[in-house]
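The values are calculated or read from the model by the stated rules, or taken from the named source; none is laboratory data. In this text, all values refer to a predicted model and were calculated from it rather than measured experimentally. Cβ sites come from the backbone with ideal geometry, for glycine too, and all protein chains shown count toward neighbours. For the accessible areas, the whole protein counts, side chains as well, though only heavy atoms, and no ligand, DNA or RNA atoms are used. Shrake-Rupley method; radii C 1.70, N 1.55, O 1.52, S 1.80 Å.
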Amino acid sequence: MSTSQVHSLDQLNTAFAERFNARDIDGLMALNVPDAVFVPAPGRPVTGPEDVRSALEQFLSLNLPITMTVHRVFQSGNTGLAIAAWTIEGTGPDGSSVNLTGTTADVATYDENHGWRYVIDNPFGTA
């Protein structure tokens, strides 16, 4: 279980992938500000810790690894935009084929007490 802080914006998505692959829901939640927005499906944002946790748990329930490649980060002071390609693929728990992919458009903020955290975690980007 990892709740260590992320001190470099280009490591935020990498930290997400590491915690996702470790099935560390608490570690994933620690990467979010309390009022974060998570968009688990295009155009369907959820807010609030309970709903964000529930949406993340649905992805974790696939019991498949995520791969993440950071493409770009942009930073202005304590605000950042992280763009990364990701894939979750394999055979799901019900035996069906899973092939989820996307390119993130994630907004993050930095503070000394928590490091970089998601304000808006938008895994499907502009979709």
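So which residues in segment 106-120 are within 10 Å of the chain's Cα centre (by Cα) and either open to solvent by 10 Å² or more (accessible area, probe 1.4 Å) or more than 16 Å from Q11 (Cα to Cα) (or both)?
Passing the criteria: R117, I120.
Within the set of pairs 6+ apart or on separate chains, which have a first residue in segment 59-75 that is open to solvent by less than 80 Å² (accessible area, probe 1.4 Å), a second that is in a loop (DSSP other than H, G, I, E, B) and not polar (S, T, N, Q), and C-beta atoms under 8 Å apart?
F59/P40; L60/R23; S61/P93; L62/G92; L62/P93; L64/G92
Sort through A41, A84 and tell me the only one that's modelled with pLDDT of 95 or more and not charged (D, E, K, R).
Every option except A84 fails the conditions.
Which residue out of T47, T87, T91, T101 is farther than 21 Å from V6 by Cα, among the β-branched types (V, I, T), in contact with a Leu (Cβ under 9 Å, 6 or more places away or on another chain) and open to solvent by 40 Å² or more (accessible area, probe 1.4 Å)?
Result: T91 is the single residue among T47, T87, T91, T101 that is farther than 21 Å from V6 by Cα, among the β-branched types (V, I, T), in contact with a Leu (Cβ under 9 Å, 6 or more places away or on another chain) and open to solvent by 40 Å² or more (accessible area, probe 1.4 Å).
Do you know which residues across segment 75-87 are out of contact with any helix residue (DSSP H, G or I) (no Cβ under 7 Å at 6 or more places or on another chain) and under 17 Å from A15 (Cα atoms)?
L81, I83, A85, W86, T87
For segment 37-69, which residues satisfy the criterion of being under 20 Å from A108 (Cβ atoms), among the hydrophobic types (A, V, I, L, M, F, W, C) and either touching a helix residue (DSSP H, G or I) at 6+ places or on another chain (Cβ under 6 Å) or part of a loop (DSSP other than H, G, I, E, B) (or both)?
F38, V39, V46, L56, I66, M68
Go through the residues of segment 14-33 one by one and say whether even a single one is loosely packed, with under 13 Cβ neighbours inside 10 Å and farther than 22 Å from H114 by Cα.
No, segment 14-33 contains no residue that is loosely packed, with under 13 Cβ neighbours inside 10 Å and farther than 22 Å from H114 by Cα.
For segment 113-127, give me each residue that is among the polar types (S, T, N, Q) and farther than 17 Å from L28 by Cβ.
N113, T126
Restricting attention to segment 76-127, which residues are free of Cβ contacts under 8 Å to residues at least 40 places away in the same chain, under 18 Å from A36 (Cβ atoms) and of a type in the set (D, E)?
D111, the sole residue that qualifies.
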